[in-house]
1. Just to verify a result, which residue in segment 121-133, among those that are in a helix (DSSP H, G or I) and surrounded by fewer than 20 Cβ atoms within 10 Å (Cβ to Cβ), is modelled with the lowest pLDDT?
2. Please determine whether any residue of segment 7-16 is open to solvent by 20 Å² or more (accessible area, probe 1.4 Å), under 21 Å from Glu202 (Cα atoms), in a helix (DSSP H, G or I) and modelled with pLDDT of 95 or more.
3. Would you pick out the residues in segment 134-152 that are open to solvent by 10 Å² or more (accessible area, probe 1.4 Å) and over 26 Å from Gly84 (Cα atoms)?
4. Those residues that are among the β-branched types (Val, Ile, Thr) and open to solvent by 70 Å² or more (accessible area, probe 1.4 Å), I need them from segment 77-120; list them, please.
5. At least 3 residues that are modelled with pLDDT under 95 in each: list the helices (runs of 4 or more DSSP H) lying fully within segment 152-218 that qualify.
6. Counting only residues that are more than 17 Å from the chain's Cα centre (by Cα) and at pLDDT 95 or above, which one in segment 31-63 is most open to solvent (accessible area, probe 1.4 Å)?
7. State all residues of segment 153-177 that are more than 24 Å from Ala94 (Cα to Cα) and open to solvent by 20 Å² or more (accessible area, probe 1.4 Å); if no residue qualifies, say none.
8. Tally up the residues in segment 93-141 that are touching a residue at least 40 places away in the same chain (Cβ under 8 Å) and over 24 Å from Lys11 (Cβ atoms), please.
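The values are calculated or read from the model by the stated rules, or taken from the named source; none is laboratory data. Note that the structure is a prediction, hence the values are computed from the model and not measured. In this analysis, Cβ positions are derived from the backbone assuming ideal geometry, glycine residues included, and neighbour counts consider all displayed protein chains. For accessibility, only protein heavy atoms count, side chains too; no ligands or nucleic acids. Shrake-Rupley method; radii C 1.70, N 1.55, O 1.52, S 1.80 Å.
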Amino acid sequence: MAKATLTIASKNYGSWSLRGWLLCRMAGLDFEERLVASDDPSARAELLLLSPSFLVPCLTHNGIQIWDTLAIAEYLNETLPDAGLLPTPPAARARCRSISGEMHSGFSNLRSALPMNLKAHHPGFKVWGGARADIDRIVTIWRECLAEGKGPFLFGASPCMADAMFAPVVTRFLTYDVKLDSDCAAYSSAIIQMPPMREWVEAAKAEPDEMVELDVEF
């Protein structure tokens, strides 16, 4: 029996669930997965951005509960320090924490205008002003990190905390046909081709449940 349980919401729509799940996989944590039904009121509120706080994903490990994605990341880094969730150089580690925190607390226009939906594809999708500013900022972060770390991931050869935080953004850019330069497109491809991401996407596309509120609007 695994000593850890990760509670997640829909794999098709749950961007925060994807982040927590990826972090656990990157850390090499042995965990069992518990899926909250999409008709659960709290889960729907979070997926539709109607909740002021996010209680999913929630990691239970050795009797300890951690339910914020950044808290999960820091807990895993403390518990499994050899997993490389943070870069080794102090400056890179500080930057990784900074951009992870920025993703965690910001980009609200992007979240509302381009919600995560792995089953959907919208060629030529029109991105309006507020979301465009968020996209420009994200692309700037990616370009700076890739130039410094030399890729293919944000801080070098291996994925880390920041890559888990930005992975749902990669899926959004694919869903809504956001055009990227060659470096950012290569980074997006590296994220999507990670075995855990391929596993998640396959499971998401097999989900029977859909959220009409999102699918009708977009």
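1. This residue is Gly129.
2. No, because not a single residue in segment 7-16 is open to solvent by 20 Å² or more (accessible area, probe 1.4 Å), under 21 Å from Glu202 (Cα atoms), in a helix (DSSP H, G or I) and modelled with pLDDT of 95 or more.
3. Asp134, Asp136
4. Passing the criteria: only Thr88.
5. Qualifying helices (runs of 4 or more DSSP H): 212-217.
6. Glu32
7. Leu174, Asp177, listed by residue number.
8. Adding up the residues that qualify gives 8.
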